[in-house]
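S.K.: Once you've had a glance at the structure underneath, I'll fire off some questions.
The values are calculated or read from the model by the stated rules, or taken from the named source; none is laboratory data. This one's a predicted model, so the numbers in the text were calculated from it and none came from an experiment. In this analysis, Cβ positions are derived from the backbone assuming ideal geometry, glycine residues included, and neighbour counts consider all displayed protein chains. Quick note on the areas: whole protein, heavy atoms, side chains included, nothing else; ligands and nucleic acids left out. Shrake-Rupley method; radii C 1.70, N 1.55, O 1.52, S 1.80 Å.
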Amino acid sequence: EADRFLGEVHFLRAYIHFNLLTLFGEVPYIKSSDYRLNSQAERMETVVVYQEIIEDLLLAKNLIPASYTNPERFRPDHWTVRLFLSRVYLQKQEWEAAASESSLVIANSDYTLNTDLGTVFLKDSPETLWQLDSGIPGRNTREGATFVILNTPPSNSALSSYLLDSFEVGDARFVNWVGQISDETATWFFSNKYQENLPTATTLECSILFRLAEAYLIAAEAQAQIGELDNSLKNLNLIRERANLPLVETMDKNSLLESIYKEKRIEFFSEQGHRFLDLKRTGTIDEVLLPIKAQWDITDKVLPLPESELVLNPKLLPQNDGY
């Protein structure tokens, strides 16, 4: 039990620093609980932060037994660690390791792709590896409260025509995961993955951080990169088949990778910033966003360091370019 707790802590530290790194660029890797040391922590090179992340995840993988189960999936288990490791390896372009870790999750875990797209985001979905407790019985997700549009015109956000036009005809994800609302002047489309905008008698939906579909698409991409095109096609087609789309037939490596990137965009729209990270990772972010975002600047790939943090610790300076 103590080892499992320790494994969870190492996983969480890696998860937090990965998010900080991908959003803000170079950051310190905080391993001390001494506030005096932490108040003077300096930013580390990206390669060093990744080394620390992987070291924590490898330790977590060994400390959390594969036999451990957490029915509500509010705590990360062994397979969550492996799936996250595969995400990190993909980010670092370590294709063999990414393919290995994601394939092990697919083959050996008890998680299964949810065949009913309408229930993928319910609390008891068999596809969810790790989700967040709502905190209060009957409370649902911030995603549902933010994205579901109940009144027109929408006050928060709506899906762009750029995304909507990217769905293939007949894609069951459009039917199940996209909602719409109209008035006399216009129609707006919104992410309807999480459908509960208000509290319910019991919690029906929890915010999902990792689900099994990601393992299939990571495996597909990594396998394509190392030339295992048949295995890549198989994993890609399992996701397409679930969406009632025609299977992709044999194609060359670059065409296959483009199909995988497109599939991941549709599968994970409005989830955890997957699209933003993939565009950064593949070096296509400026090419894609400059034509469609009027205010986009090439320095927008990272966020500005919060001024409040720079005041507390001037050693974090200089501020990121562009801010």
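S.K.: Select, from Leu212, Leu204, Leu159, the only residue that is over 17 Å from Phe269 (Cβ atoms), open to solvent by 30 Å² or more (accessible area, probe 1.4 Å), touching a residue at least 40 places away in the same chain (Cβ under 8 Å) and of a type outside the set (S, T, N, Q). Talk me through it step by step, then tell me what you get.
M.R.: Numbers: Leu212 fails: open to solvent by 30 Å² or more (accessible area, probe 1.4 Å); Leu159 fails: over 17 Å from Phe269 (Cβ atoms).
Going through Leu212, Leu204, Leu159 in turn, just one is over 17 Å from Phe269 (Cβ atoms), open to solvent by 30 Å² or more (accessible area, probe 1.4 Å), touching a residue at least 40 places away in the same chain (Cβ under 8 Å) and of a type outside the set (S, T, N, Q): Leu204.
S.K.: Out of (1) in contact (Cβ under 8 Å) with a residue 40 or more places away in the chain; (2) of a type outside the set (Ser, Thr, Tyr); (3) open to solvent by 20 Å² or more (accessible area, probe 1.4 Å), the odd one out for Phe268 is which?
M.R.: So Phe268 meets the others, but not (3).
S.K.: Just to be sure before I move on: is Leu257 over 17 Å from the mean Cα position of the chain (by Cα), within 30 Å of Thr128 (Cβ to Cβ) and modelled with pLDDT of 95 or more in the structure I sent?
M.R.: Yes: the conditions hold for Leu257.
S.K.: Going by what's in this entry, would Pro314 be described as touching a Phe, Trp or Tyr at 6+ places or on another chain (Cβ under 6 Å) and either open to solvent by 80 Å² or more (accessible area, probe 1.4 Å) or farther than 30 Å from Arg242 by Cβ (or both)? Before you say what the answer is, go through the steps one by one.
M.R.: Values: touching a Phe, Trp or Tyr at 6+ places or on another chain (Cβ under 6 Å): no; either open to solvent by 80 Å² or more (accessible area, probe 1.4 Å) or farther than 30 Å from Arg242 by Cβ (or both): yes.
It is false that Pro314 is touching a Phe, Trp or Tyr at 6+ places or on another chain (Cβ under 6 Å) and either open to solvent by 80 Å² or more (accessible area, probe 1.4 Å) or farther than 30 Å from Arg242 by Cβ (or both).
S.K.: What pairs come up if the first residue lies in region 292-305 and is in contact (Cβ under 8 Å) with a residue 24 or more places away in the chain, the second is open to solvent by 70 Å² or more (accessible area, probe 1.4 Å) and in a helix (DSSP H, G or I), and their beta carbons are under 9 Å apart, counting only those six or more places apart or on different chains?
M.R.: Here the result reads Ile292/Tyr162, each pair linking region 292-305 to a residue that is open to solvent by 70 Å² or more (accessible area, probe 1.4 Å) and in a helix (DSSP H, G or I).
S.K.: Can you find a residue in region 125-148 that is closer than 28 Å to Trp95 by Cα and open to solvent by 50 Å² or more (accessible area, probe 1.4 Å)?
M.R.: Quick first cut of region 125-148, residues closer than 28 Å to Trp95 by Cα only: 126-131.
Restricting the remaining residues to those that are open to solvent by 50 Å² or more (accessible area, probe 1.4 Å) gives 126.
Yes, that holds for at least one residue.
S.K.: Output the residue which, of all residues in region 33-46 that are more than 20 Å from Thr299 (Cα to Cα) and of a type in the set (Asp, Glu), is surrounded by the most Cβ atoms within 10 Å (Cβ to Cβ).
M.R.: Step one: of region 33-46, the residues more than 20 Å from Thr299 (Cα to Cα) are 33-42.
Still in the running and of a type in the set (Asp, Glu): 34, 42.
On the way: Asp34: 8, Glu42: 11.
Only one residue tops the list, namely Glu42.
S.K.: Got a number for residues in region 67-103 being hydrophobic (A, V, I, L, M, F, W, C) and farther than 23 Å from Tyr261 by Cβ? Break it down stepwise before answering.
M.R.: Keep residues of region 67-103 that are hydrophobic (A, V, I, L, M, F, W, C), which gives 74, 79, 81, 83-85, 88, 90, 95, 97-99.
Those still in the list that are farther than 23 Å from Tyr261 by Cβ too: 74, 79, 81.
The total comes to 3.
S.K.: Within region 91-136, track down each residue that is among the hydroxyl-bearing types (Ser, Thr, Tyr) and under 22 Å from Val175 (Cβ atoms). Write out each step before concluding.
M.R.: As a first pass, look at region 91-136 and keep what is among the hydroxyl-bearing types (Ser, Thr, Tyr): 100, 102-103, 109, 111-112, 115, 119, 125, 128, 134.
Selection gives Thr112, Thr115, Thr119, Ser125, Thr128.
S.K.: Looking only at residues in region 57-93 that are surrounded by 14 or more Cβ atoms within 10 Å (Cβ to Cβ) and among the β-branched types (Val, Ile, Thr), which one is farthest from Phe11 (Cα to Cα)?
M.R.: Val88
S.K.: Criterion first (closer than 15 Å to Ile218 by Cα and surrounded by fewer than 11 Cβ atoms within 10 Å (Cβ to Cβ)) does Asp230 satisfy it? If you could, list the steps in order and put the result at the bottom.
M.R.: Values: closer than 15 Å to Ile218 by Cα: yes; surrounded by fewer than 11 Cβ atoms within 10 Å (Cβ to Cβ): yes.
For Asp230, the condition - closer than 15 Å to Ile218 by Cα and surrounded by fewer than 11 Cβ atoms within 10 Å (Cβ to Cβ) - is met.
S.K.: Among Ile106, Ile30, Ile54, which is open to solvent by 30 Å² or more (accessible area, probe 1.4 Å), hydrophobic (A, V, I, L, M, F, W, C) and part of a helix (DSSP H, G or I)? Before you say what the answer is, go through the steps one by one.
M.R.: Details: Ile30 fails: part of a helix (DSSP H, G or I); Ile54 fails: open to solvent by 30 Å² or more (accessible area, probe 1.4 Å).
The match here is Ile106.
S.K.: Show me the helices (runs of 4 or more DSSP H) found entirely inside region 232-323 where at least 1 residues are touching an Asp or Glu at 6+ places or on another chain (Cβ under 6 Å).
M.R.: Values: elements: 253-267, 274-281, 285-289, 307-312.
Those helices (runs of 4 or more DSSP H) span 253-267.
S.K.: Kindly list the number of the only condition in (1) at pLDDT 95 or above; (2) among the small types (Gly, Ala, Ser); (3) under 28 Å from Asp116 (Cβ atoms) that fails for Gly273.
M.R.: Of (1) at pLDDT 95 or above; (2) among the small types (Gly, Ala, Ser); (3) under 28 Å from Asp116 (Cβ atoms), only one is false for Gly273: (1).
S.K.: Does Leu256 satisfy the condition of being among the hydrophobic types (A, V, I, L, M, F, W, C) and open to solvent by 30 Å² or more (accessible area, probe 1.4 Å)? Steps first, answer last, please.
M.R.: Details: among the hydrophobic types (A, V, I, L, M, F, W, C): yes; open to solvent by 30 Å² or more (accessible area, probe 1.4 Å): no.
So Leu256 does not fit the description; no.
S.K.: Kindly evaluate Val49 against the criterion of being without any contact (Cβ under 8 Å) to a residue 40 or more places away in the chain and either assigned to a loop (DSSP other than H, G, I, E, B) or open to solvent by 20 Å² or more (accessible area, probe 1.4 Å) (or both).
M.R.: On the way: without any contact (Cβ under 8 Å) to a residue 40 or more places away in the chain: yes; either assigned to a loop (DSSP other than H, G, I, E, B) or open to solvent by 20 Å² or more (accessible area, probe 1.4 Å) (or both): no.
Criteria not met by Val49.
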